[in-house]
1. Taking segment 75-106, which residues are within 11 Å of the ligand (Cβ to nearest atom) and modelled with pLDDT of 95 or more?
2. Counting only residues that are open to solvent by 30 Å² or more (accessible area, probe 1.4 Å), give me the strands (runs of 3 or more DSSP E) lying completely in segment 234-324 with at least 1 of them.
3. Here's a check for you: in segment 212-231, which residue that is more than 8 Å from the ligand (Cβ to nearest atom) and hydroxyl-bearing (S, T, Y) is nearest to M191 (Cα to Cα)?
4. Could you go through segment 204-211 and let me know if any residue there is surrounded by fewer than 20 Cβ atoms within 10 Å (Cβ to Cβ) and closer than 21 Å to R128 by Cβ.
5. Do you know which residues across segment 1-15 are open to solvent by less than 40 Å² (accessible area, probe 1.4 Å) and either touching a helix residue (DSSP H, G or I) at 6+ places or on another chain (Cβ under 8 Å) or in a loop (DSSP other than H, G, I, E, B) (or both)?
6. Please determine, by comparing only the residues of segment 94-112 that are open to solvent by less than 10 Å² (accessible area, probe 1.4 Å) and out of contact with any Asp or Glu (no Cβ under 9 Å at 6 or more places or on another chain), which one is nearest to Y74 (Cα to Cα).
7. Scan segment 1-57 residue by residue and report those that are within 19 Å of the chain's Cα centre (by Cα) and of a type in the set (G, A, S).
8. Among the residues of segment 45-90, count how many are in a strand (DSSP E or B), open to solvent by less than 50 Å² (accessible area, probe 1.4 Å) and farther than 19 Å from N29 by Cα.
Amino acid sequence: MTAHELAIVPEGAIADLLTREAAFTAVENVFAAMSRGEARNFPVVREAMPTEDALYGFKGGVAPGVLGLKAGGYWPHNLEKRELINHQSTVFLFDPDTGRVKAMVGGNYLTALRTAAASAVSIKHLARPEAKILGMIGAGHQAKFQLRAALEQRSFEKVIAWNLHPEMLPGLGEVAAEIGVPFEAVDLPGMVEADVIVTITSSFAPTLMADHVSPGTHIACMGTDTIGKQEVEASLLAKATVFCDEVAQSVTLGEAQHAIGAGLISEADLSEIGAVINGTHPGRTSDDQITLFDGTGVGLQDLAVASTIVDVAVANGTAIMVPI
Ligand code: NAD
């Protein structure tokens, strides 16, 4: 494409253009680049809107060859009033050498895959190789994506799951059944069986407690992406070796906000997953160590994945090219 064209990739085209593998690779690479200091996220803007009880914001960043932002948020009445999904976002990419707009990419499905990729990257690099039981806490929209991506990382033999609203669990069970892995609903103490636990809820109070977790477990905390949200007991972070996507986000709006606020850990106790990917941090060093990944969701995940989508969409003619 030239500097005089804008590529538009509509939301409806993304599912055919983006594979889980491509999202995983883009996210793993951008985490690594962040940790090498070659890529950085800009401060997040998130504002309450004057109408529709909506929250709207921007997550931007810059990486080699990639500059842009994801604009979007949450409109709680969309579904009931207009039959539109409540989470809405769009990614805008710019040419880092000229500032010219390059692409506009639907951000909804992309967000689901890049979030699933983040917990999968943490499982790849931090879970014990022989992990067999995957625990899921949460059964909403995003949980199904996290489950599919997680199951690809180890030879899991069973999925155990808990959700505050148990009537949602069969939907998650259908995903496990489709993949051919046995699925069982458990109570929270039942999570002691799990080798890997993924939390993906919109909870504002901890549900997974420190005594629900066995030595050697890897936990990917993915639901806490806002000040005030919390999924796991703060003391669990003090028992664990804690990793995150980005320290600045983890301490302010991630799971670590609570453990740090309570004085149980300090910012210096957090390591970026990118350092493990790059080999500058050893990651897990023993079989009985608890590792915890605080995945808050950074703008560069969106930009890296959107950039991959644009390359494919332009190459195969799916992108709508608009002269500018
Ligand atoms: P959803 O509304 O589809 O599902 C919400 C889930 O949370 C359901 O399992 C529900 O039963 C559970 N839940 C609701 N209230 C709860 C409570 N008080 N205590 C415990 N569980 C509760 O939402 P979703 O799209 O699946 O997203 C789940 C969470 O993940 C949200 O907090 C969302 O903001 C977050 N998220 C994070 C990232 C990231 O990059 N880290 C990306 C996308 C979404």
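The values are calculated or read from the model by the stated rules, or taken from the named source; none is laboratory data. The model shown is predicted, which means the values in this text are computed figures rather than measured ones. Heads up, the Cβs are rebuilt from the backbone with ideal geometry, glycines too, and the neighbour counts pull from every protein chain shown. Keep in mind that these areas ignore ligands, DNA and RNA; they rest on the heavy atoms of the full protein, side chains included. Shrake-Rupley method; radii C 1.70, N 1.55, O 1.52, S 1.80 Å.
1. Applying the first criterion (within 11 Å of the ligand (Cβ to nearest atom)) to segment 75-106 yields 76, 79, 85-87, 89.
Residue satisfying the conditions is S89 alone.
2. Details: elements: 241-244, 270-272, 291-294, 320-323.
In segment 234-324, 241-244, 270-272, 320-323 are the strands (runs of 3 or more DSSP E) which contain 1 or more residues that are open to solvent by 30 Å² or more (accessible area, probe 1.4 Å).
3. Narrowing segment 212-231 to residues more than 8 Å from the ligand (Cβ to nearest atom): 212-221, 227-228, 230.
Retained after the next criterion (residues that are hydroxyl-bearing (S, T, Y)): 214, 217.
Values: S214: 8, T217: 10 Å.
That would be S214.
4. Within segment 204-211, the first condition is being surrounded by fewer than 20 Cβ atoms within 10 Å (Cβ to Cβ), and the residues that meet it are 204-206, 209-211.
Next, from what is left, pick out any that are closer than 21 Å to R128 by Cβ: 210-211.
Yes, segment 204-211 contains a residue that is surrounded by fewer than 20 Cβ atoms within 10 Å (Cβ to Cβ) and closer than 21 Å to R128 by Cβ.
5. Within segment 1-15, A7, V9, A13, I14 meet the criteria.
6. A112
7. Correct list: A15, A22, A23, A26, A32, A33, S35, A39, G57.
8. Residues in segment 45-90 being in a strand (DSSP E or B), open to solvent by less than 50 Å² (accessible area, probe 1.4 Å) and farther than 19 Å from N29 by Cα: 6 in total.
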